Amino acid sequence: MTEPDLDARRSAPATLKNRGPIGDLLLPLLPRAGTVLEIASGTGEHVVHFARRAPHLLFQPSDPSPAARASIAAWTAAEGLANVRAPLALDAAGEEWPVGKVDAVVCINMIHISPWEATVGLMRGAGARLPADGILFTYGAYVRDGVETAPSNVAFDADLRRQDPRFGLRHLAEVTGEAAKHGLALARVEEMPANNLSLVFRKVATVSPRGVPVP
């Protein structure tokens, strides 16, 4: 097996700021044992931070970008973490994911910086792989009905759409509606630093013909 190139490590300044608050909320929600799948792991800095704090869990990072996967592998090697698997080449929007059942799914800062098809795929893939009461945890900026969008998020949304018209802040109601089609019920919304939200979805036992979760 080829040793990871430590020079492949990338760093995202925002990750260094938000990984602590995200971890403080996320880690107590995770199961006592099992596999946590991270979708769109990016640089890999989030997953190695979580893995250091939760050595009892096995973390499976993933990303469609070869450069991102190289960074994830390099950070894992540099930290000497035995509870982080090699990153998977996984596109959330894809019909087939190269992973089976998992105990929790985490997705940070992907929903707003990807086409809507990636959110649909995230909900479909998580819903198919989580056990009853398993969690899907997402983090990022959203638009909420009845809540004024912060000026910084309005500017962020405009910048994203200039980069790619398929990107942009999603309406929370649309995201939760898509999740419900796949048996994922919104259980918790937490306000986070820098006008972001953490969403906690739980897998319910069944889904009605109309796509509404049934307890």
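The values are calculated or read from the model by the stated rules, or taken from the named source; none is laboratory data. It should be emphasised that the depicted structure is a prediction, and the values quoted were computed from it without experimental measurement. Note that we place each Cβ from the backbone using ideal geometry, even for glycine, and neighbour counts take in every protein chain shown. Side chains are part of the model used for accessible areas, which takes the heavy atoms of the whole protein and leaves out ligands, DNA and RNA. Shrake-Rupley method; radii C 1.70, N 1.55, O 1.52, S 1.80 Å.
So here's what we get for this one:
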item: Projected label distance in nm at Arg144 and Ala12, using a 7 Å step from Cα toward the beta-carbon; result: 2.2 nm
item: Thr35 accessible area, 1.4 Å probe, all protein chains in place, Å² to nearest 10; result: 20 Å²
item: With every protein chain in place, the chain: carbon and sulfur % of accessible area (1.4 Å); result: 54 percent
item: Value of relative contact order over the chain, rounded to a whole percent, pairs C-alpha under 8 Å and six or more apart; result: 17 percent
item: Rounded FRET efficiency, nearest 0.05, which uses the C-beta distance separating Lys181 from Val154 and R0 of 41 Å; result: 0.90
item: Accessible area of the chain divided out per residue, in Å², using a probe of 1.4 angstrom; result: 48 Å²
item: Of the trypsin sites (Lys or Arg not before Pro) in segment 70-156, those whose Cβ has at most 13 other Cβ within 10 Å and which sit in DSSP loop; result: Lys101, Arg144
item: For the chain, calculated [θ]222 nm from helices alone, where every DSSP H run of n ≥ 4 adds -39500 (n - 2.57); result: -10500 deg cm²/dmol
item: Exposed-loop-free span, longest in the chain, where GluC sites (Glu not before Pro) count as exposed if DSSP calls them loop and at most 10 other C-beta atoms lie within 10 Å; result: 1-94
item: Distance histogram in 10 Å bins (all Cα pairs of segment 126-192, percent per bin); result: 18, 44, 30, 9
item: For segment 40-86, fraction of C-alpha pairs farther apart than 17 Å, in %; result: 19 percent
item: Square roots of 5 times each gyration tensor eigenvalue, C-alpha, segment 1-70, largest first, Å; result: 21, 15, 10
item: Which of Asp7, Asp63, Asp103 is most accessible, then next, and so on - probe 1.4 Å; result: Asp7, Asp103, Asp63
item: Among Leu30, Ser62, Leu136 - extreme Cα towards positive end, dipole of segment 11-161, charges at beta-carbon; result: Leu30
item: Note, ³J(HN,Hα) from phi for segment 119-131, Karplus 6.51, -1.76, 1.60, rounded to Hz, x at Gly and Pro; result: 5, 4, x, 4, 5, 5, x, 5, x, 7, 10, 7, x
item: Estimated inter-spin distance, Arg166 and Glu96, nm [label 7 Å along Cα→Cβ]; result: 2.1 nm
item: Of the chymotrypsin sites (Phe, Trp or Tyr not before Pro) in segment 62-162, those whose Cβ has at most 14 other Cβ within 10 Å and which sit in DSSP loop; result: none
item: Three principal axis lengths of segment 36-114 [C-alpha, angstrom, descending]; result: 32, 26, 21
item: Separation in nanometres of the label points that stand 7 Å from Cα toward Cβ, at Ala128 and Glu191; result: 3.8 nm
item: Of Val147, Ala194, Val175, farthest towards positive along the dipole that unit charges on Lys, Arg, Asp, Glu beta carbons give segment 146-195; result: Val175
